[in-house]
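This report refers to the structure that appears directly beneath it.
The values are calculated or read from the model by the stated rules, or taken from the named source; none is laboratory data. Since we're looking at a predicted model, the values are computed, not measured. Note: ideal-geometry Cβ built from the backbone for every residue, glycine included; neighbour counts use all protein chains shown.
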Amino acid sequence: MLNTKKVLIITYYWPPGGGAGVQRWLKFAKYLPQFGWTPVIYTPQNGEMPVIDASLDKDILTGTEVIKTKIWEPYSLYKKFIGVGKDEKINTGFLTEKTKPGMAEQISVWLRGNLFIPDARCFWVKPSVKYLSEYIKKNKIHAIISTGPPHSMHLIALELSQKFKLSWIADFRDPWTNIDYYRDLKLTSWADKKHHALEKKVVTNATRVVVVGNQMKMEFEQAFGRKVDLITNGFDEDDVTKQLTPPINKFTIAHVGTLVRSRNPVALWKALAHLTKSDHEFGNILEIRLTGKVDIEVRNSIIAYELEKYVTYIDYLPHNKVISEQQNASVLLLILNNTPNAKGILTGKMFEYLAAKRPILCVGPTDGDAAKIISETQSGQTFNFDDEKTINHHLQELFNQFQTGNLNINSSGVEKYSRKALTGELVTILEEISKPKDFVCIYKIKD
């Protein structure tokens, strides 16, 4: 298929960086050429990446144009201020692995929220606009896409869109002012107004706005009075080529991804503690596998409920091994943030959980976006944050099924969440916004 149209994708996260922030646009870029669109990636040359994942390189199509420029971020100053080494990685979402945040870290949070607006990548906006302006003058670009967070990416696209009259899609993988840690930024009233003003400017000026969840869609439409498109995250069928059979000698409960303080499932730990004490066989073969960063508060809860001997901590796995980890689990844990915006949280890994075809035990709002998809696809069950009794009962049922060799699910409708199908939805929007503008010719008729 001839690729006749180019779309400039402005993203902070790109390989060799790993983690959840990379997946969405890496996969879109992989499948766009099959729909007649050529992606041009613009990303930092030296961004602060929490993890590196070389396994993702395989998803970058040969010949994909990736433009990189240097970025200055205040992280070197931040690391000096809080007393960590210059090579130490910065965790996202206020995760603390060792101790509770000290005074220096609390001050740095205030500086982050009030001085670096919308985020620490704000210093990349002007040089990026300058660089990309020259690029666009020399290369035919049919549309621009920016994805955030970090939301500074949207500010780059905003200026370019207005300067060159280019159609622009603003993609929100997470909310801006309604993100779960927004209130933790210790914002002054001035900074809060600035964040809201920039958010409004982006959302109201973008040609189209895309979000990843239905709750977020409704919130944006209500707040800004405009149509918002929904394209969820998904799974790549190429990553799940062979269905594995989980081991039969261990009842493995696995969680993949970061466990911050707001994702501490205390009711689950209580239920597991009760079962390990009341059911000797359950305790003998239970294994809890936590892949990813785990906050000190979560670790302390695990210790408090005497579960540490059952837990295996895995700091990070390349994405290809993450897929195997999911498929090898007896049960997959999906823990949502216990925050006011919990109904709208749709983690990217949930869709890979669907593809793994292992029972999902979700802790979060039973009327939220995640719960609806899990129920719709018959992929598991969701329990409220404090529902220890029902979680306990469900775990016992799952364990009984495991013992009899009947721990299986018959999910359905998962295919629509494949990355290729979702790219088709994106292309529909791209085609709509890149159509030639209508024009009217006025002829002067001679008398």
The lone condition GLN106 fails out of (1) modelled with pLDDT of 90 or more; (2) assigned to a helix (DSSP H, G or I) is (1)
Of all strands (runs of 3 or more DSSP E) fully inside the range 311-377, the set with 3 or more residues that are within 19 Å of ASN410 (Cα to Cα) is 331-335, 360-363
Within the range 304-320, restricting to residues that are loosely packed, with under 14 Cβ neighbours inside 10 Å and out of contact with any Leu (no Cβ under 9 Å at 6 or more places or on another chain), the one that is farthest from ALA254 (Cα to Cα) is ALA304
**OP:** Within the range 180-188, identify whether any single residue is acidic (Asp, Glu), within 27 Å of PRO50 (Cα to Cα) and more than 19 Å from the chain's Cα centre (by Cα), and answer yes or no.
**Re:** yes
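Being closer than 24 Å to GLY234 by Cα and out of contact with any helix residue (DSSP H, G or I) (no Cβ under 6 Å at 6 or more places or on another chain), is that true of even one residue in the range 192-200?
Here is the first cut: in the range 192-200, the residues closer than 24 Å to GLY234 by Cα are none.
No: the range 192-200 contains no residue that is closer than 24 Å to GLY234 by Cα and out of contact with any helix residue (DSSP H, G or I) (no Cβ under 6 Å at 6 or more places or on another chain).
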The residue from LEU395, LEU407, LEU317 that alone is touching a residue at least 12 places away in the same chain (Cβ under 8 Å), closer than 30 Å to LYS30 by Cα and either not polar (S, T, N, Q) or not assigned by TED's automatic domain parsing to the domain that holds GLY36 (or both) is LEU317
- Message: Condition (residue is over 18 Å from the mean Cα position of the chain (by Cα), surrounded by fewer than 19 Cβ atoms within 10 Å (Cβ to Cβ) and either assigned to a loop (DSSP other than H, G, I, E, B) or not small (Gly, Ala, Ser) (or both)) applied to the range 288-298: is it met by at least one residue?
- Response: yes
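Would you check if there is a residue in the range 205-216 being of a type outside the set (A, V, I, L, M), crowded, with 21+ Cβ neighbours inside 10 Å and out of contact with any Pro (no Cβ under 7 Å at 6 or more places or on another chain)? Talk me through it step by step, then tell me what you get.
Of the range 205-216, the ones of a type outside the set (A, V, I, L, M) are 205, 207-208, 213-215.
Restricting the remaining residues to those that are crowded, with 21+ Cβ neighbours inside 10 Å gives 213, 215.
Subset that is out of contact with any Pro (no Cβ under 7 Å at 6 or more places or on another chain): 213, 215.
So far as the range 205-216 goes, yes, one or more of its residues are of a type outside the set (A, V, I, L, M), crowded, with 21+ Cβ neighbours inside 10 Å and out of contact with any Pro (no Cβ under 7 Å at 6 or more places or on another chain).
Filtering the range 20-46 down to residues that are free of Cβ contacts under 8 Å to residues at least 40 places away in the same chain and outside any helix (DSSP H, G or I), which residue is surrounded by the most Cβ atoms within 10 Å (Cβ to Cβ)?
PRO39
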Residue pairs within 7 Å by beta carbon, gap of at least six or interchain, first lying in the range 267-278 and over 14 Å from ILE253 (Cα atoms), second in a helix (DSSP H, G or I) and of a type outside the set (D, E, K, R), listed first then second, are ALA267/ILE391; HIS274/ASN392
In the range 261-317, anything out of contact with any strand residue (DSSP E or B) (no Cβ under 6 Å at 6 or more places or on another chain), closer than 22 Å to LEU398 by Cβ and aromatic (Phe, Trp, Tyr) is listed as TRP269, PHE282, TYR305
Would you call LEU268 on the phi < 0 side of the Ramachandran plot, modelled with pLDDT of 95 or more and out of contact with any Phe, Trp or Tyr (no Cβ under 8 Å at 6 or more places or on another chain)?
yes
Of those in the range 233-265 that are at pLDDT 90 or above and among the hydrophobic types (A, V, I, L, M, F, W, C), the residue farthest from GLY344 (Cα to Cα) is PHE251
